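What follows is a set of notes on a single structure, which appears directly below.
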Amino acid sequence: MRFLLFCLAALIAAPAAAQNLDLGGTPGAPPQPVQISAAKAVTWSQDTQTITATGGAKVVRGNVTVGADELVAHYRKKQGAAAPASKPPAPQAGPSALEQGGGELYELEAVGHVHIYTATDNAWGDHAVYSLDSQVLVLTGSALKLTTPQDTITAQESVEYYSGKHMAVARGNALIVTNNGRSIAADVITGYLSAGAQPPAASGTAPELTGTGQLQRVEAVGHVVIKTGTDTATGDSGVYLPPTGEARLGGNVHIIHGPNELAGADALVNMKTGVATLLAAPGGQVSGVIIPNSGGGASK
C-alpha cells in the first residue's frame, strides 16, 4: 500500500512510483501549479479570502486530483506583501497568480462526493480538509474508502493522513482488506509509510524498506479481528508488518478455526501463509476446544 493510505493527502509531488494522495508539494522543490475548474462557477472573495469552485469542482496538482461538489481554497496575505490584486486570479493560473497578489494558499476544503485520486490510488468521502501548514488531510463521511493496488481500507468516522510524519489513521470500524482476501479490523488502525521515521518492528528490529511510500507497519487498537481465509484471530491490540506478512495480537486472544477455538495471551499470525500460532502468558497456558474430525485446529 502507498498510504495510505489508506493513504491520501491532497496534491503533493510524490515520486512517480509512489503516487501518494498528497496536496502539499515536495519540500525544497519548485511549487507546482494548482489548477481549479468547475462546471458552474469559480468565485473569488477578497472579504473571506477564498476561491470557491462549485458544481463538478476539480483541483489538480501534479499527479493528484481532488473532485467534489464544492471546493474552497483558503488563502492569506503573505507577510510583508502588498495588498491583494483587485481582480481574481485566473482559475488555471495556480498559486503563482495568488503570489503575484501577495497571497498564499494554506487550506483546501472539499464538500460533497469527495474523490481524491492518482493513477493508482483512490479515496472517497463526504468532506475533506487539507492544511498545507501542518500537511494534514482529514477525510470524513459515512462511507469512507481508500483503495491502492495492494489494499482496500474503509472506516466509518475518519481517515487522516499526516504527510510530514508519513502516517495515516483510520477511525471507526476501520478495516484493511489485502488483495489476497485477508483482512484486519479494529476500532482504530494506524499505518506507517517507508518515507518517514519508522517505529520499531514487533520483533524489535525495523523492517527493511522496500520502496518509497510503501506501508511498513500497521498498529490496530480495540476489538482487533484478523482473518486469514482459514482462521480468525481476535484480541485487544495488534501489530502487522506488511513486508513480512507477520502480525502479532495481544490481550484476550482467541483463534477460531471452524468449530475449534483456542485462547491465550498472545498470537502470531502469518497473513501470507495463513498460519496462526497461539502463545501462553508467562506461567500460564493455552486452552481451547477442538472438535474431532472437524478439519484440524490452529497451530499452538
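The values are calculated or read from the model by the stated rules, or taken from the named source; none is laboratory data. Note that this is a predicted model, so its numbers are computed, not measured. Ideal geometry is used to build each Cβ from the backbone, glycine not excepted, and the neighbour counts take in all protein chains shown. Side chains are part of the model used for accessible areas, which takes the heavy atoms of the whole protein and leaves out ligands, DNA and RNA. Shrake-Rupley method; radii C 1.70, N 1.55, O 1.52, S 1.80 Å.
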Just the accessible area for residue 131, please: 1.4 Å probe, Å², rounded to the nearest 10? 30 Å²
Which net charge results for the neighbourhood of residue 144, defined as the other residues with beta-carbon distances under 15 angstrom from its beta-carbon, given Lys and Arg at +1 and Asp and Glu at -1? -4
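Please work out whether the stretch 110-160 counts as rounded, prolate or oblate from its C-alpha gyration tensor, where a ≥ b ≥ c are the square roots of the eigenvalues and a/c under 1.5 means rounded, while otherwise a/b larger than b/c means prolate and anything else oblate? Don't skip to the answer; put the middle values down first.
Details: a/c = 1.64, a/b = 1.23, b/c = 1.33.
Taking the square roots of the gyration eigenvalues as a ≥ b ≥ c, the stretch 110-160 is oblate.
What is the local net charge at residue 68, summed over the other residues whose Cβ is closer than 12 Å to its Cβ (Lys, Arg +1; Asp, Glu -1)?
Numbers: positive: 58; negative: 69, 70, 109, 126.
Summing Lys/Arg as +1 and Asp/Glu as -1 gives -3.
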How much length would be gained if the chain were fully extended between residue 39 and residue 165, taking 0.36 nm per residue of separation minus their Cα-Cα distance, in nm to one decimal? 41.8 nm
Of the accessible area of the stretch 143-192, computed with a 1.4 Å probe and all protein chains kept, carbon and sulfur make up a percent value of 47 percent
Sorting 167, 271 on solvent-accessible surface, 1.4 Å probe, most exposed first, gives 167, 271
Simple spin-label estimate for residue 78 and residue 150 in nanometres, 7 Å along Cα-Cβ: 3.9 nm
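Full extension from residue 179 to residue 115: what is 0.36 nm times the residue separation minus their Cα-Cα distance, to one decimal in nm? Please report the intermediate quantities before stating the final value.
On the way: separation 64, 0.36 × 64 = 23.04 nm, distance 2.14 nm.
Difference between extended and current length: 20.9 nm.
Ranked highest first by average number of other Cβ atoms within 10 Å, how do 171-182, 66-77 line up? All intermediate terms of the calculation are to be shown ahead of the outcome.
On the way: 171-182: 17.8, 66-77: 20.1.
Packing order, densest peptide first, comes out as 66-77, 171-182.
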